[in-house]
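Step one of this worksheet: look at the structure below.
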Amino acid sequence: MSAPKRRIGRNSAAAVRRAVRVTIPKIMVAKPVHFSIPSDFASGGLVQKRIIDAVERSGYDDDSVFGIKLAVDEALINAIKHGNKLNPSKRVHVQASITPRRLEIVIEDEGRGFDRNCVPDPTCAENLEKPCGRGILLMEAYMDRVEWSRGGRRVKMVKKPELRPTT
């Protein structure tokens, strides 16, 4: 016998979709866009989808799309969970600029920040079996440039893709 699944009421889910539809614009390639979302994973997922849709429309290769999706997901989760501590009164601010030759994403939370140099190295022997702590490593591995500012509350990620071959 399996445990019952938790369901969100239809009215609640519909209200979230309506609110996000109003506040999250569709990204037009080469035009920077700004998002300001509540500290919840559903809103983060919708922003990530908009960014990835624009990346795909811009002709990025599959490996670049995969890396961008992973890096954006990790950065949003870090901002929502670790930065804003899931506080519904705090927001996550996202700026995305996407062209066929370059992607730049800035994600900033309203939390206390952190010192990047104090984050444990997940490749050290004592950290290998820990179930978390690899997000920053993945972001830095898949993006061409990752810069931390504003006391660790802001991350800027840049990717220059391999373009898909034209037929």
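In region 30-68, the qualifying residues are those that are hydroxyl-bearing (Ser, Thr, Tyr) and assigned to a loop (DSSP other than H, G, I, E, B), and the one that is nearest to Val92 (Cα to Cα) is Ser39.
Per this entry, Lys69 is not counted among residues that are charged (D, E, K, R), within 17 Å of the chain's Cα centre (by Cα) and over 18 Å from Lys156 (Cβ atoms). Output the residues belonging to region 21-47 that are polar (S, T, N, Q), modelled with pLDDT of 95 or more and surrounded by fewer than 21 Cβ atoms within 10 Å (Cβ to Cβ). Across region 21-47, the qualifying residue is only Ser36. Within the set Ser58, Ser64, the sole residue that is more than 14 Å from the chain's Cα centre (by Cα), farther than 25 Å from Lys81 by Cβ and modelled with pLDDT of 95 or more turns out to be Ser64.
The values are calculated or read from the model by the stated rules, or taken from the named source; none is laboratory data. Since this is a predicted model, take the numbers as computed values, not measurements. A quick note on method: Cβ atoms are made from the backbone with ideal geometry, for glycine too, and the neighbour counts reach across all protein chains shown.
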